[in-house]
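A.B. asks: Let me give you the structure first, and then I'll get to my questions.
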Amino acid sequence: MSEIDQTIALPNASSVFRLFLPEHLAATLMLAGGVTLYAVESYITATIAPSIVRDIGGLALFSWVTSLFVAAAVLGSIFAAMRPRGITLRGVYVIAALVFGAGSMVAAIAPSMPVMLIGRALQGLGTGALAALGYAFIRFVYPKPLWPKATTLYAAIWGISTVIGPTLGGFFSAGSSWRYAFIVLVPLGLTMAGLAPRLLPEVEDDREQIKTPVAQIGLLLAAVLMISAAGAITATAMKALLIAASVIAVSAMLLVEGRSRNRLLPSGAVSLSKPISRVYLTMLAMTLVLVSDVFIPYFLQSLHGVSPLMSGYLVALVAVGWTFAAFLSSSLTGGQAHAAIIIGALIEAAATASLTLFLARDNAEGQLLLVVPAAAAIFMMGFGIGLGWAHLVAMVLKLVASNEQDKASAAIPTMSSLGGAFGAAIAGVIANGAGLVEPGGVAGSIAAAHWLYAAMALPSIVAIAAAITLRDSRN
């Protein structure tokens, strides 16, 4: 049996509900609560953002409500791993919850968009750290057979949040009621900070002694900010320029990381000869593909006559598919777990490519039978990534030394953020370049949908190739 197979050949674990047994309940509620804050807040704010602009202005800064949140979340996840000596993981949880609460208060009382952006940045810092802690604590609070179960629970939280978040946002979208969407989060952050010292274990800081990798952090943040800005720009040329600049920044970060003794990522993460790098590459590629779903509601409405509300529920099938597959595969071990990753990437690629047929067609009369195949493909996009995601996370947690576990855990949400940001921006370039705006109309939408999903299926091939090599790799 290869080393990779040994690392994931765990005894069969029972249901995800074992995470809620008395001995795990407190930690599960705290860690899942942090992930829930990140997930739900992302969707709530996306829903109420137009109301915020109507009330306090700042349309020119509209895109930064999300962009700064994402960039700050990356920085927050990095802080969880690169925190100063003397601050424990439990201490980071307290700090992150307090920062999130403070950011929520700033956002709630914001008189202008610049102040709102400060609040959103603080929220991002807090939730980014909390999301990273969800992974960092896994090895301390659960036995190994339950590690994939914990990540399955996190996937379920994101799936549920795609429905709950917009629904809650709708309650706060009228007039100035959006402020209450932030106000209610303040006592929640304070409560979580107060409960953390009681409900989370105090664990030893087993990190290696290194200096903060300032250069890598700066380049990574620059890349995230540029790619986030690209996602909000309509001019294709400028969007492409920002994407190129962001790619250069990431490349420079990887180059510096590979030569530096002060690493941001765990050992081997920037060398394709090491299995840990291929695990991260698989995560990045699969996330990048999945984010092409941002255009699905538009195509459903413009090409299939689907109402805005219904199109929102249909795109939520991505999250439903992810959650369903995560539960379905959570007990797989050894070679079966490895196969699930490969099969999942294949399913994601096929489902994405099939949208060139099922979504890119003129169905202005809204014939239901023509929408059903597209809905099935949307579901299978999420199903594909959900089938193997928990096992990818389990690999990350087992492939690195104990003194680099915090780095490895923090890199998981970072890879998701990078994949999401790059995927959204690249999807915009492809769709606009294929005719979404010019010539526009039905013909432009059909062309845009066809080329978008044909192109976005390609990164899945990278994920498939990377996943296949994991079986016989050596650390």
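A.B. asks: Charges only on Cβ, +1 for Lys and Arg, -1 for Asp and Glu: so what's the dipole of segment 53-161 about the Cα centre, in debye to the nearest 20?
C.D. replies: Around 440 debye, computed over segment 53-161.
A.B. asks: With N denoting the number of residues in segment 169-228, provide Rg(C-alpha) divided by 2.2 N^0.38 Å, to two decimal places.
C.D. replies: For segment 169-228, the normalised Cα radius of gyration comes out at 1.85.
A.B. asks: Then there's this: If segment 106-191 were replaced by its equivalent ellipsoid, with semi-axes equal to the square roots of 5 times the Cα gyration tensor eigenvalues, what would those be, largest first, whole Å?
C.D. replies: 31, 16, 10
A.B. asks: Then there is this: Across the Cα atoms of segment 294-410, what radius of gyration and what greatest pairwise Cα-Cα distance (Dmax) are found, in Å?
C.D. replies: 17.4, 59
A.B. asks: So how long is each side of segment 178-281 along the principal axes, counting just the alpha-carbon atoms, biggest first, in Å?
C.D. replies: 46, 42, 25
A.B. asks: List the DSSP H helices in the chain whose Cα atoms stretch 27 Å or more along the helix axis and whose mean Kyte-Doolittle hydropathy is at least 1.6.
C.D. replies: Qualifying helices, which must be both long enough and hydrophobic enough, are 89-109, 368-399.
A.B. asks: Considering only C-alpha atoms, what is the centroid distance from segment 142-156 to segment 282-333, in Å?
C.D. replies: Segment 142-156 and segment 282-333 have Cα centres separated by 22 Å.
A.B. asks: Which listed residue (F140, I44, G433) has the Cα farthest towards the positive end of the charge dipole for the chain, taking +1 on Lys and Arg C-beta and -1 on Asp and Glu C-beta about the Cα centre?
C.D. replies: F140
A.B. asks: With +1 on the Cβ of every Lys and Arg and -1 on the Cβ of every Asp and Glu, and nothing else charged, how large is the dipole of the chain about its Cα centre, in debye rounded to the nearest 20?
C.D. replies: It comes to approximately 760 debye.
A.B. asks: Oh, and also: Round to the nearest 10 and report in Å² the accessible area of K144, as given by a 1.4 Å probe over the protein chains' heavy atoms.
C.D. replies: The accessible area comes out at roughly 110 Å².
A.B. asks: Hey, what number do you get for the chain at 222 nm if only DSSP H runs of n ≥ 4 count, each worth -39500 (n - 2.57), divided across all residues, to the nearest 500?
C.D. replies: Counting only the DSSP helices, I get -25500 deg cm²/dmol.
A.B. asks: If you average 1/r across every pair of different Cα atoms in segment 344-475 and take the reciprocal, what Kirkwood value do you get, in Å?
C.D. replies: 16.7
A.B. asks: Please report the Cα spread of segment 37-166 along all three principal axes, rounded to whole Å, starting with the longest.
C.D. replies: 50, 36, 19
A.B. asks: Okay, next question. With the radius of gyration and the Kirkwood radius both derived from the Cα set of the chain, what is their ratio Rg to Rh?
C.D. replies: Radius of gyration relative to Kirkwood radius: 0.95.
A.B. asks: Which one, A351, I461, T414, projects farthest toward the positive side of the charge dipole computed for the chain from Cβ point charges (K/R +1, D/E -1)?
C.D. replies: The Cα lying farthest towards the positive end belongs to T414.
A.B. asks: When the Cα centres of segment 441-462 and segment 162-219 are compared, how far apart do they sit, in Å?
C.D. replies: 35
A.B. asks: Could you pull the accessible area for S331 with a 1.4 Å probe, rounded to 10 Å²?
C.D. replies: 50
A.B. asks: Using just the Cα positions, wrap segment 409-451 in a convex hull and report its mean projected area in square nanometres, one decimal place.
C.D. replies: 3.0
A.B. asks: Same structure again: For segment 290-356, what size does the Cα cloud have along each of its three principal axes, sorted from largest down, in whole Å?
C.D. replies: The principal-axis extents, from largest down, are 45, 22, 15 Å.
A.B. asks: Regarding segment 341-412, what's the average projected area of the Cα-atom convex hull, expressed in nm²?
C.D. replies: Average of the hull's projected areas for segment 341-412 equals 5.8 nm².
A.B. asks: Please get the size of the charge dipole for segment 315-464, origin at its Cα centre, with Cβ charges of +1 on Lys and Arg and -1 on Asp and Glu, quoted in debye to the nearest 20.
C.D. replies: It works out to roughly 260 debye.
A.B. asks: I've got another one for you. Students often check this: by mean Cβ neighbours within 10 Å, which of 21-32, 278-289, 380-391, 214-225 ranks highest, and how do the rest follow?
C.D. replies: Output ranking for 21-32, 278-289, 380-391, 214-225: 380-391, 278-289, 214-225, 21-32.
A.B. asks: Let me ask something additional. Report the Rg/Rh value for segment 12-68, based on alpha-carbon coordinates and the Kirkwood definition of Rh.
C.D. replies: Across segment 12-68, the Cα-based Rg/Rh ratio is 1.28.
A.B. asks: Another question, then. L370 to L25: extension gain in nm, 0.36 nm per residue of separation minus the Cα-Cα distance?
C.D. replies: Contour length minus Cα-Cα distance gives 119.7 nm.
A.B. asks: What fraction, in whole percent, of alpha-carbon pairs in segment 233-307 exceed 18 Å separation?
C.D. replies: 62
A.B. asks: Kindly sort W158, W451, W178 by accessible area of their heavy atoms, largest first, with the probe set to 1.4 Å.
C.D. replies: Result, largest first: W451, W158, W178.
The values are calculated or read from the model by the stated rules, or taken from the named source; none is laboratory data. What you are looking at is a predicted structure, and each value in this text was computed from that prediction instead of being measured. A quick note on method: Cβ atoms are made from the backbone with ideal geometry, for glycine too, and the neighbour counts reach across all protein chains shown. Note: accessible area is taken over every heavy atom of the protein model, side chains too, but ligands, DNA and RNA are not part of it. Shrake-Rupley method; radii C 1.70, N 1.55, O 1.52, S 1.80 Å.
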